[in-house]
Structures are given as C-alpha cells and as structure tokens.
Amino acid sequence: MQCLRTLRSFTRIPNLLQRASGSWPAVCQTIHTSPFYKASYNPEKNEEYAFFYQSEDKSDFPDFNTIVYPPQDPSEPPRPIEYFHETRDLRYSQKKMWKYTAMIRGLSIDDAIRKVSFLPQKGAKILKDCLLEGQKIAVREHGIEYPSNMWIEHAYCNKGKILYTMRLAFKYPARVRTRYCHVCIVFREGAPPKEYYPSEEMTGFEKMEDYIKKQRERRILFSL
C-alpha cells in the first residue's frame, strides 16, 4: 500500500512541473522533498537564491571597526590595532562550530591556522577559510603591518537561519533542518599572552584557609 502511495505521488510531478511558472525553488517547495530542494540551489554558487539562507537580521559586530579612540599621551605605549571580522551565513551548525572557535582563542594567527589545518572536520575547514580571509583584510585595510604579527583575542559563533525541508520516509515525510551560523573573530596586533585564561590555582596553605573559612561560615537554618 505504501508503494502505491509513493508511485502515485511521483506521477503527479510532471503536472506540477508544467503548472509551475516560477523558478526551480518554487517547484521544489511544491514537491516537498529535500533532494529536489537541495538540487535547486547552491548557496556557494547561485546568488539568485541567496534569500533562502541569508538571515534578515543585521549584525552590529563590524561597527566596532568604526570606533575612533582619543589621542594618546606620548608617554603611553601605542595602542594595538584591532580588527573585528565576521563571516555570516555559513552552512554549518552552531552547536558544532562553537568548539572550534573556543579552540583558537588566545593563539597567534599562525598557530590557529596550523591547529585547525590538522582537523578533518568540516567546521575546522570553514574556520580556516575565515581566519585566512580575516588575516588578508586586516593587513590590507586596517593597517596591521605583518600578517603574522597578530593573535586571536576572541572568537565565537552565533545562530543563523534554519531552512526547513522534507524528504520521503516511511508512512510520513521526515523533516530536514539545514542550519547556518555566523562566525565572529577579533584580531589583535602583537604577540599573544602567555596565559589567555587566568589561572586560579591556590597553594596548599591558601586551600586550607579557604576550607576553614567555609566551615566557619556554615549556619543551621532557622536556628538562634
């Protein structure tokens, strides 16, 4: 019975193609199958279908590049150059990308590129392209003299648009989600710090004093 339903649905496809007067995405939305829908557009090649995956929300992250700082005193050390780079609408999930952005924080640009180059995952390859692109723009447009003289001050990813499509499955059509994300990276001129995350290790005497302090702060609820 299920085979007859599937055959009957496929026999309607030529009629839908003749009836559709628009482009391929409109036809694929009528069919409700993800293989046809994904074959109809390619976000990396067909820009005419970009509105399907591009998010409508505008980001304020690149506006940090327009900040004008007050002049410094001659006795002060020169302020390092910062470049706020954002790559939007990447075809990868935010839930998978966050661990790669956390991996490169506090590293020099060369170490960060080298580190993600050894990873076989798709997210690492996408992040490598973002780092190379940001490195070129920082040198060409923001006054950083040497491409290797910068480090990753901060890196994170945001949630992008989600495309909902469908594919044929047993009895009922299955829902397919195609997720997109935005990667934000802050490049800072100079050498990276020795410790990006401050260490909070205590000595034995400090641990003992902290333990005694917590024990003395204990109170019995609803007591005198």
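Oblate is the label for the range 57-122. Its Cα gyration tensor axes, ordered a ≥ b ≥ c, give a/c of at least 1.5 and b/c at or above a/b. What the phi angles of the range 191-203 give under the Karplus curve with 6.51, -1.76 and 1.60, with θ = phi - 60°, is a coupling list of 8, x, x, 5, 10, 6, 9, x, 7, 10, 6, 10, 6 Hz, glycine and proline written as x.
When both the range 98-168 and the range 169-189 are represented by their alpha-carbon centers, they are found 17 Å apart.
Were the residues from residue 119 through residue 76 laid out at 0.36 nm apart, the gain over their Cα-Cα distance would be 11.3 nm.
The figure for residue 91 is an accessible area of roughly 60 square angstrom, using a 1.4 Å probe on the protein chains alone. Using a simple spin-label model with pseudo-atoms 7 Å out from Cα toward Cβ, residue 171 and residue 154 lie 4.9 nm apart. Taking R0 as 41 Å, what FRET efficiency do you get between residue 140 and residue 95 from their Cβ-Cβ distance, rounded to the nearest 0.05? So, using R0 = 41 Å, E works out to roughly 0.80. Annotation: amide H of residue 166 within the under-5 Å range of 33, 34, 176, sequence separation 5 or more or interchain, hydrogens built in the peptide plane.
Residue-wise HN-Hα couplings along the range 57-64, as the Karplus relation 6.51 cos²θ - 1.76 cosθ + 1.60 with θ = phi - 60° gives them from phi, are 6, 8, 9, 9, 5, x, 5, 5 Hz; Gly and Pro carry x. Per-residue Karplus couplings for the range 67-80, computed as 6.51 cos²θ - 1.76 cosθ + 1.60 with θ equal to phi - 60°, are listed in order as 5, 10, 8, x, x, 8, 6, x, 7, 7, x, x, 6, x Hz, Gly and Pro entered as x. In the range 68-205, taking the dipole from charged Cβ atoms about the Cα centre, the farthest positive-side position among 81, 68, 120 is held by 120. Per-residue packing, averaged as other Cβ atoms within 10 Å, sorts the ranges 158-168, 64-74, 179-189 into the order 179-189, 158-168, 64-74, beginning with the highest. For the range 110-189, what does the alpha-carbon gyration tensor say about shape, rounded, prolate or oblate, given a ≥ b ≥ c as the root eigenvalues, a/c under 1.5 as rounded, and a/b over b/c as prolate? Prolate is the answer for the range 110-189, as a/c is 1.5 or above and a/b outweighs b/c.
Be a star and scan the range 136-173 for residues whose amide nitrogen sits under 19 Å from the point 7 Å along the Cα-to-Cβ vector of residue 60. Zone members listed by number: 155-160.
The values are calculated or read from the model by the stated rules, or taken from the named source; none is laboratory data. Here the structure is a predicted model, which means the values were calculated and not measured. Every residue, glycine as well, gets a Cβ built from its backbone with ideal geometry; the counts of neighbours run over all protein chains shown. Just so you know, the surface numbers come from the protein's heavy atoms only, side chains and all, with ligands and any DNA or RNA stripped out. Shrake-Rupley method; radii C 1.70, N 1.55, O 1.52, S 1.80 Å.
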